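Report on the structure given below.
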């Protein structure tokens with residue numbers, strides 16, 4: 001797990017960079033949010049703040065009035081120190097809990113956003129520190145406009161932190177944010193790609209090759225939630241394979257093109273399902289098994305047979321024997337199949353045909369994602385994917401039978 005410290009000067013855009021890193025797959029921990037949690041209602045932190053600063057810092061709803069508190073502590077060094085003595089120990093405790101959670105759930109890259117990272121002297125806790133900075137006149141303009149504080153207050157707050165020059169000199173990477181959002185995104189992406197390369201080097205990838213989004217008739221999972229969950233649990237690649245639709249996979253791919261393999265689970269005229277991976281265009285249902293396979297190959301895609309011997313959606317070995325020449329890979333573990341012998345038959349048939357074995361959760365809810373996985377070497381595209389799959393290892397656990405109720409509910413809801 002790579003630990004990244006993200007900090008910067010006031011108004012430079014570090015939270016925007018944090019948003020981008022999170023969207024691209026980081027497990028994000030925001031120290032500002034932890035600080036809010038530390039003084040939330042009915043906590044020891046809230047009681048201590050009120051005891052020290054009085055009712056003047058209590059809002060009408062009983063929460064801490066952060067603006068009123070800020071006015072006090074940013075103009076009084078002793079008051080600021082007193083507040084830090086209340087909040088920082090609790091923030092540190094919460095930070096350790098979040099890091100342990102990230103590690104236990106297989107996070108590859110954790111980004112800790114800490115405004116006072118250098119001031120607290122915790123830079124040694126991170127593998128890499130990123131500083132976001134910008135010219136002071138741009139920073140001031142942003143903060144005065146977005147936070148509705150005066151220029152004088154901006155200067156007062158800014159003076160309590162390390163200067164931009166100090167932070168830049170202490171950083172491993174610097175993002176200079178004096179352009180527009182597109183330029184910031186490009187600069188952030190360059191650094192993120194370095195983290196991805198470091199996280200991937202010498203490690204095994206974890207793949208879930210079969211899942212659904214709300215584009216399927218029996219699923220309510222938003223594509224963004226699917227992407228977020230896959231990244232949160234440490235998956236390196238997922239195949240989104242909605243029933244007879246490509247829109248959900250394309251939407252997810254737009255959100256995280258590195259993570260998502262665009263696929264479709266197409267119903268054939270024989271009543272079977274056939275998955276195409278690395279598709280660019282939707283394939284309509286209703287063609288024969290071979291016709292659908294040919295349509296997948298015409299797009300440069302991979303023909304992947306899901307749950308070949310499922311009791312409701314499967315077929316026989318004899319039928320597949322006649323079509324093995326147009327199959328590229330076989331799903332040998334489907335987490336929604338509860339009869340283990342049916343997955344075993346799929347594995348045996350794939351082995352007899354010399355075909356690579358895959359696995360998929362067949363998730364129709366976000367909590368099912370990752371229940372079945374293939375562990376492989378990294379790959380760059382369809383061709384190297386098949387070789388990686390041949391050398392991969394299938395693992396997983398069967399989902400509860402109750403997951404089928406979620407699919408039924410989705411159909412009724414729609």
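The values are calculated or read from the model by the stated rules, or taken from the named source; none is laboratory data. Quick caveat, the model's predicted, so the values are computed rather than measured. Neighbour counts run over all protein chains shown; Cβ positions are idealised from the backbone, glycine included.
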**Prompt:** Which of the residues belonging to the stretch 159-169 are modelled with pLDDT of 95 or more and surrounded by 14 or more Cβ atoms within 10 Å (Cβ to Cβ)?
**Reply:** 162, 164, 166, 167, 168
**Request:** For the stretch 238-264, name all the residues that are part of a strand (DSSP E or B) and within 17 Å of residue 366 (Cβ to Cβ).
**Result:** 238, 239, 240, 241, 242, 260
**Item:** Within the stretch 391-408, considering residues that are part of a helix (DSSP H, G or I) and touching a residue at least 12 places away in the same chain (Cβ under 8 Å), the one surrounded by the fewest Cβ atoms within 10 Å (Cβ to Cβ)
**Value:** 408
**Prompt:** For the stretch 17-57, how many residues are in contact (Cβ under 8 Å) with a residue 60 or more places away in the chain, in contact with a strand residue (DSSP E or B) (Cβ under 8 Å, 6 or more places away or on another chain), more than 15 Å from residue 193 (Cα to Cα) and assigned to a helix (DSSP H, G or I)?
**Reply:** 2
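Out of the residues in the stretch 294-304 that are free of Cβ contacts under 8 Å to residues at least 40 places away in the same chain, under 20 Å from residue 357 (Cα atoms) and surrounded by fewer than 24 Cβ atoms within 10 Å (Cβ to Cβ), state the one that is nearest to the chain's Cα centre (by Cα).
So the residue we want is 303.
Listed here are the residues, each with its yes/no results for (1) within 29 Å of residue 169 (Cβ to Cβ); (2) surrounded by 15 or more Cβ atoms within 10 Å (Cβ to Cβ); (3) in the same structural domain as residue 154 (by TED's automatic domain parsing); (4) at pLDDT below 95.
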site: 87; (1), (2), (3), (4): yes, yes, yes, yes
site: 91; (1), (2), (3), (4): yes, yes, yes, yes
site: 96; (1), (2), (3), (4): yes, no, yes, yes
site: 101; (1), (2), (3), (4): no, no, yes, yes
site: 105; (1), (2), (3), (4): no, no, yes, yes
site: 110; (1), (2), (3), (4): yes, yes, yes, yes
**Asked** Among the candidates 139, 98, which residue alone is in a helix (DSSP H, G or I) and within 26 Å of the chain's Cα centre (by Cα)?
**Response** 98
**Prompt:** Which of the residues spanning the stretch 170-185 are out of contact with any helix residue (DSSP H, G or I) (no Cβ under 8 Å at 6 or more places or on another chain) and surrounded by 14 or more Cβ atoms within 10 Å (Cβ to Cβ)?
**Reply:** 171, 172
**Asked** Which of (1) surrounded by 18 or more Cβ atoms within 10 Å (Cβ to Cβ); (2) out of contact with any helix residue (DSSP H, G or I) (no Cβ under 6 Å at 6 or more places or on another chain); (3) within 18 Å of residue 352 (Cβ to Cβ); (4) at pLDDT 95 or above is the odd one out, the single condition residue 279 does not satisfy?
**Response** (3)
**Request:** State all residues of the stretch 378-390 that are closer than 25 Å to residue 324 by Cβ and either in contact with a strand residue (DSSP E or B) (Cβ under 7 Å, 6 or more places away or on another chain) or not in a loop (DSSP other than H, G, I, E, B) (or both); if no residue qualifies, say none.
**Result:** 382, 383, 384, 385, 386, 387, 388, 389, 390
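Can residue 143 be described as assigned by TED's automatic domain parsing to the domain that holds residue 191 and touching a residue at least 40 places away in the same chain (Cβ under 8 Å)?
When the stated conditions are applied, residue 143 passes them.
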**Fill in**
Counting only residues in the stretch 58-84 that are part of a loop (DSSP other than H, G, I, E, B) and under 27 Å from residue 6 (Cβ atoms), the one modelled with the lowest pLDDT is identified as 74
**Request:** Scan (1) under 30 Å from residue 369 (Cβ atoms); (2) in the same structural domain as residue 113 (by TED's automatic domain parsing); (3) part of a helix (DSSP H, G or I) for the single condition residue 226 breaks and write down its number.
**Result:** (2)
**Asked** If a residue has to be touching a helix residue (DSSP H, G or I) at 6+ places or on another chain (Cβ under 9 Å), over 15 Å from residue 127 (Cβ atoms) and surrounded by 15 or more Cβ atoms within 10 Å (Cβ to Cβ) to count, how many in the stretch 186-208 make the cut?
**Response** 5
**Asked** Can you find a residue in the stretch 111-132 that is within 30 Å of residue 395 (Cα to Cα), in contact with a helix residue (DSSP H, G or I) (Cβ under 6 Å, 6 or more places away or on another chain), touching a residue at least 12 places away in the same chain (Cβ under 8 Å) and not in a loop (DSSP other than H, G, I, E, B)?
**Response** yes
